[in-house]
Amino acid sequence: MAGAKKTVDEVKTLRINLVNDTSVTVMMKDKTYNGTYAADTVTKEDEKPGVKLRISYVDDEFKFGDGPPSLVTYTYVVEGIDDKNLLLQTPRSMNDRKIVVLMSKQ
């Protein structure tokens, strides 16, 4: 259960700030990443149908050897939306189930 608690604790730290029509700031685990985002309805082979929020940024945790950090893209499925809230299915899973988070405008 220690792994499950760690995953839950990490997901609780997720903050997404949609700065403008393309720029995003992602905060997670005491780190801040600046990147871009796009919303679309393109469904890839392994994805659930619906609106997707695709967030890309350079992540220093993803690099090969001594090479530079890699650009990563995370896809969040929009499960629900209103003028102040986003219900997102994250790319993370626990016990073979996708983790869903409620993001609220502050």
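The values are calculated or read from the model by the stated rules, or taken from the named source; none is laboratory data. Everything numeric here is computed off the predicted structure, so don't read it as measured data. Here the Cβ positions follow ideal geometry from the backbone for every residue, glycine too, while neighbour counts run over all protein chains shown. What goes into the accessible areas is simple: the full protein's heavy atoms, side chains included, and nothing from ligands, DNA or RNA. Shrake-Rupley method; radii C 1.70, N 1.55, O 1.52, S 1.80 Å.
For the reader, a short list of remarks on this structure follows.
- ILE99 being touching a residue at least 40 places away in the same chain (Cβ under 8 Å) and β-branched (Val, Ile, Thr): yes
- Scanning the range 63-77 for residues that are open to solvent by less than 80 Å² (accessible area, probe 1.4 Å), more than 19 Å from SER23 (Cβ to Cβ) and touching a strand residue (DSSP E or B) at 6+ places or on another chain (Cβ under 6 Å) turns up at least one hit.
- One residue alone among SER93, SER70, SER56 is of a type in the set (Ser, Thr, Tyr) and within 19 Å of VAL8 (Cβ to Cβ), and that residue is SER93.
- Flag if VAL101 is at pLDDT 95 or above and assigned to a strand (DSSP E or B): no
- Among the residues making up the range 63-84, those that are within 15 Å of the chain's Cα centre (by Cα) and within 22 Å of ASN34 (Cα to Cα) are LEU71, VAL72, THR73, TYR74, THR75, TYR76, VAL77, VAL78.
- ARG54 under 18 Å from ARG92 (Cα atoms), open to solvent by less than 70 Å² (accessible area, probe 1.4 Å) and under 12 Å from the mean Cα position of the chain (by Cα): yes
- Residue ID - farthest from LYS105 (Cα to Cα), chosen from residues in the range 23-52 that are outside any strand (DSSP E or B) and among the hydroxyl-bearing types (Ser, Thr, Tyr): THR43
- Search result, residues across the range 5-22 that are open to solvent by 80 Å² or more (accessible area, probe 1.4 Å) and part of a helix (DSSP H, G or I): LYS5, LYS6, LYS12
- Lone unmet requirement of (1) assigned to a loop (DSSP other than H, G, I, E, B); (2) open to solvent by 30 Å² or more (accessible area, probe 1.4 Å) for LEU87: (1)
- ASN34 under 15 Å from the mean Cα position of the chain (by Cα), open to solvent by 80 Å² or more (accessible area, probe 1.4 Å) and either polar (S, T, N, Q) or at pLDDT 95 or above (or both): yes
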